[in-house]
1. Of all the residues that make up the stretch 50-69, how many are surrounded by 14 or more Cβ atoms within 10 Å (Cβ to Cβ) and either without any contact (Cβ under 8 Å) to a residue 40 or more places away in the chain or farther than 19 Å from A39 by Cα (or both)?
2. Give me the residue from the stretch 1-55 that is over 27 Å from P119 (Cβ atoms) and of a type in the set (V, I, T) and, out of that set, farthest from the chain's Cα centre (by Cα).
3. Return a yes/no flag: does the stretch 34-45 have any residue that is open to solvent by 70 Å² or more (accessible area, probe 1.4 Å), closer than 26 Å to I136 by Cα and at pLDDT 95 or above.
4. Hey, any hits in the stretch 9-26 for a residue that's open to solvent by less than 60 Å² (accessible area, probe 1.4 Å), assigned to a helix (DSSP H, G or I), touching a residue at least 12 places away in the same chain (Cβ under 8 Å) and not polar (S, T, N, Q)?
5. Output the number of residues of the stretch 81-95 satisfying the condition of being surrounded by fewer than 12 Cβ atoms within 10 Å (Cβ to Cβ) and under 21 Å from the mean Cα position of the chain (by Cα).
Amino acid sequence: MVDDVVRSLGFLCMGSRFRRIGERLQADTQQVIEEYGIAIQAAQYPFLAAIDRAGPLTIGELAQAVGITQPGATRTVGQLLELGLVDMRAAPADQRRRLISLSQKGQSLVDYSKQTVWPRVAAAVAELCSDLGGPILEQLEAIEDGLAEAPLARRGSIVKEETR
């Protein structure tokens, strides 16, 4: 059996491990979504949830709310438009700005998902994390906040100085 190099390298490959865990969680969530006969991708749900929570948002606001790039948000909104889950209209105050809102079909999907898919996925992830030491969501929040405060390139100064 081949060694799991990513796991064995510890902090050096933490980003790769997070990506691997994220991809696995997305794939497993997708399986649950498909069990309910819903034809969207797991990665599209946060967009629907953001609009449901905040009301109509611009692409830039959606990108910020979901934590991805604006081109990525534009791509996902395009997919949601094709599926008929969102509408895009000019903002009343500024015709150049486009606001994304849930369509009636999108709102129905969000309402249904809040009752079925979302609680099931949340409960499954909570169960997965139940035996872990410490509050994992708070720890992840601290990592995200720490990276926003100072990226990796500005950290590890002790090691940089020792290698000179």
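1. Final tally of qualifying residues: 12.
2. By that ranking, first place goes to V2.
3. Checked the stretch 34-45: at least one residue is open to solvent by 70 Å² or more (accessible area, probe 1.4 Å), closer than 26 Å to I136 by Cα and at pLDDT 95 or above.
4. no
5. Count: 1.
The values are calculated or read from the model by the stated rules, or taken from the named source; none is laboratory data. Predicted, not measured: the structure shown is a model, and the values here were computed from it. Cβ coordinates were reconstructed from backbone atoms using ideal geometry, including for glycine residues, and neighbour counts include every protein chain displayed. We work out accessible area using only protein heavy atoms, side chains counted, and drop any ligands, DNA or RNA first. Shrake-Rupley method; radii C 1.70, N 1.55, O 1.52, S 1.80 Å.
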